[in-house]
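Each remark here refers to the structure printed beneath this line.
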Amino acid sequence: MTERHDPSSSAAQNAPPLWEYVALTDYQVPQDSLQQTMRKRLDFLRDWYKREIQQEKDTSDSPFMPDEGLQQLPDWQLEQIAPSPLSQSALPSLNELMEPWLSNEANNPNVMLFVEPPHADYADTLEKWAKQHEWLILQPPETKAILQGGTNWLTSIADLEQPWFLPALEHIYLRHVDGLDLVRAFLDQAFSGALGQGVIACNSWAWAFLKHVWQGRSPVPRVVQAFDSDKLAQHFQNLADQAKPRHFAFRQADDGSYIIPLPEPITEQAAPQSNDNPFLRHLAAHSRGIPGVARAIWRDNLRTEPDKALNTANKNQDYERTIWVAAWEAIQHPKLPNDTDPNNLFILHSLLLQGGLNTDALRLILTSIPPHQITATLLRLERSDIITHKQGRWQVTPQAYPVVRSFLATHNMLLDDF
Amino acid sequence: MNSDMFNDLGQAALIQIIMILVASWGLITVTQWSVPWLANKISGNIRYFILSLAPVIRLAVIVTAAIMILLRLIDPTFEKMMALFGAMAVALGFAFKDYISSLIGGIVALYERPFRPGDWIDVNGVYGQVRAINMRNVEIITPDDTVVYIPHLKIWTELIYNANDSGDYLMTVADFYLEPNHNNAAVHHQLYDVALTSVYTQLAKPITVIVLNKPWATHYRLKAYPVNHTDQFLFITDLTIRGQATLENMGIKLASAAYADPPKANA
């Protein structure tokens, strides 16, 4: 069996780590080519023309155009090829960041703040780290307690004598006139050192809002650097490699080019090296470098068909299966059902600012929208694959996240920094 | 005016002039219909840009047509042109003084841009959003969905209040009149949060609460900016409803006529 190599092995020595923690100000959203940006603008005009002039109805139930002769992979196989990353994947980088902080308590701030975009795919890394270090994991209070100021919750954590970790700062506030006192008091105490040593993780949208709610001084938030095309290639290959001993080659459905370059020994024999394939560059820019968003779109585009020609030609047992990836241009991204409806705007924005909400909490926040309209809008958005109900909360789906963010940006709504 | 100023107008020139007039009229009609139609199909800031194109295109068409016709009528020497314009100005000036003043006001409005389509302006107590800038007047649509035509003539004499100054931000104010005996700081804090938690609030702009003592009440002015201009009245409604509910929860009463003019004790 040929030994597996990292696709970017030649540059691996100097390349930044896959999970690289940086200051929020150093986060760099991957950029797409000018050609692709122009194409997006043209797509916008085309969509507008179809919607407004032709009044075209979208008859497709699938979010993607089916490619001739290719079929979507079953869920079990997707779990094999593009599973969720293991929570320990980012642990080495996190340990590297945290060790100096832990060892030098006198000169460092008591509390570290981590900001994560939605669907970051590394949210549970911090929790795993906290558990490894036997830190206390703080559970958020109930909605009712938040609205009453959360005094009991705050008192219960004030006497802690061990370091703590709050996994979701966005779950201790509500965008309600009575829902801000707790988070203000908590941030006051946490960043003044009154609560001892701790780590806070916060949704990027919530943090963008909380910067207006709480004007105190916080340490510079830490984030995982965006995944550009090279990192995505490495990430997807690493995920697929978890299915060892079986290996996969990823090729673009319309031209057969390799989306993720094959290891060098194999490349020399048969397959052309194709690290200039633009698919991953488009994907990195579209997903704004958020690995979970990129992975969800990647999974939805994987197709299968027995590729006998490749296997017999290569006689390569490492790559016994070719996975076809739909061409970037063939992807149909989720579309908002009626993007001029202001209810869409407020509901989607609220869901992002709060890291997901249940229907009751949405009704509590959106008092300007009649409750029955909230329910109707939620169902309409769910049917369009824009949101999903998960863990008791409505959340924007990873596939729709870039579309939703772009929609909110068009309407001058408050955006996150990612 | 010199009698040999005009060329002999042949049949061909006459047909050309008629064609120019018809083509100009057609272009203007198409522009007047198509630009608002196109703008209504588009949301976002580009809508206002498209709307503002209509008067510019119309002016360009009229000026071009006038020049083309003039060139067919006269030999455009300097003296002839001066004489012609002088004569036209005197005649028209007397006949259409206000009309011309409005036309010139329209040109000045295009140049100085005291407002542009999409802006919220107040002229002579009429408040509304500029729908179109025509040659002679500006069309505004009031919050009650009434269209008001204001001649550009007003630009010379009236104060023009532009609420958003051709920008993205427009301040709105929600007023609260409260019985005076209460904790001002607590109310100030709560009203600030009312604006902060409104879904309509543009958080990039500051929220301010002004407190004033009046003889009969404490007056709170909650100032904030909506994300979208067109939501300003929904925004004020939201602030008012939620603000009053919050004050009620705090046990604070709104000032009422009975409080302003308390009944005298029985003698």
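Every number here is computed from the coordinates shown, using simple stated rules; none is lab data. This one's a predicted model, so the numbers in the text were calculated from it and none came from an experiment. Methodologically, a virtual Cβ is constructed for each residue, glycine included, from the backbone with ideal geometry; neighbour enumeration extends over all protein chains shown.
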Q) Among A:133-144, A:229-240, what's the highest-first ranking by average C-beta atoms within 10 angstrom per residue? A) A:229-240, A:133-144
Q.
Per 0.36 nm of contour for each residue apart, how much would the distance between B:Ala95 and B:Leu73 grow if the chain were fully extended, relative to their Cα-Cα spacing?
A. 5.6 nm
(Q) How tilted is helix B:97-112 with respect to the longest principal axis of chain B? Cα atoms for both, answer in degrees (0 to 90, nearest 10). (A) 70
**Q.** Rounded tilt (10° steps) of B:184-196 against the dominant C-alpha axis of chain B
**A.** 50
Q: With everything on Cα atoms, drop me the angle between helix B:11-40 and the longest principal axis of chain B, reported from 0 to 90° to the nearest 10.
A: 20
Q) With each pseudo-label sitting 7 Å past Cα toward Cβ, what's the B:Ser34-A:Arg217 distance in nm, one decimal? A) 6.1
Q) Could you give the nm distance between label points at A:Glu99 and B:Ile57, where each point is 7 Å from its Cα heading toward the beta carbon? A) 6.7
Q | Cβ charges +1 (Lys, Arg) and -1 (Asp, Glu), total dipole of the range B:73-214, debye | A | 260
Q) Do any trypsin sites (Lys or Arg not before Pro) in the range B:1-99 lie in a DSSP loop with no more than 15 other beta carbon atoms within 10 Å, and if so, which? A) B:Lys41
Q. With +1 on each Lys and Arg Cβ and -1 on each Asp and Glu Cβ, how big is the dipole of the range A:342-410 about its Cα centre, in debye rounded to the nearest 20?
A. 40
Q) Just how large is the dipole of the range B:3-95 about the Cα centre, in debye to the nearest 20, putting +1 at every Lys and Arg Cβ and -1 at every Asp and Glu Cβ? A) 580
Q. Based on the inverse mean of 1/r over its pairs of different Cα atoms, what is the Kirkwood hydrodynamic radius of chain B, in Å?
A. 23.0
Q) Tell me, what HN-Hα J-couplings in whole Hz come from the Karplus equation 6.51 cos²θ - 1.76 cosθ + 1.60 at θ = phi - 60° for each residue of the range A:158-172, using x for Gly and Pro? A) 6, 9, 5, 10, 9, x, 9, 9, 9, x, 8, 4, 5, 9, 10
Q) In nm, to one decimal, how far is the B:Glu112 label point from the B:Ala83 one, both placed 7 Å along Cα→Cβ? A) 3.6
Q) Rounded to the nearest 500 deg cm²/dmol, what is the calculated helix-only ellipticity per residue at 222 nm for chain B, with -39500 (n - 2.57) per DSSP H run of length n ≥ 4? A) -16500 deg cm²/dmol
Q. Once fully extended, how much extra length lies between A:Leu136 and A:Thr340, figured as 0.36 nm per residue of separation less the alpha-carbon to alpha-carbon distance?
A. 68.9 nm
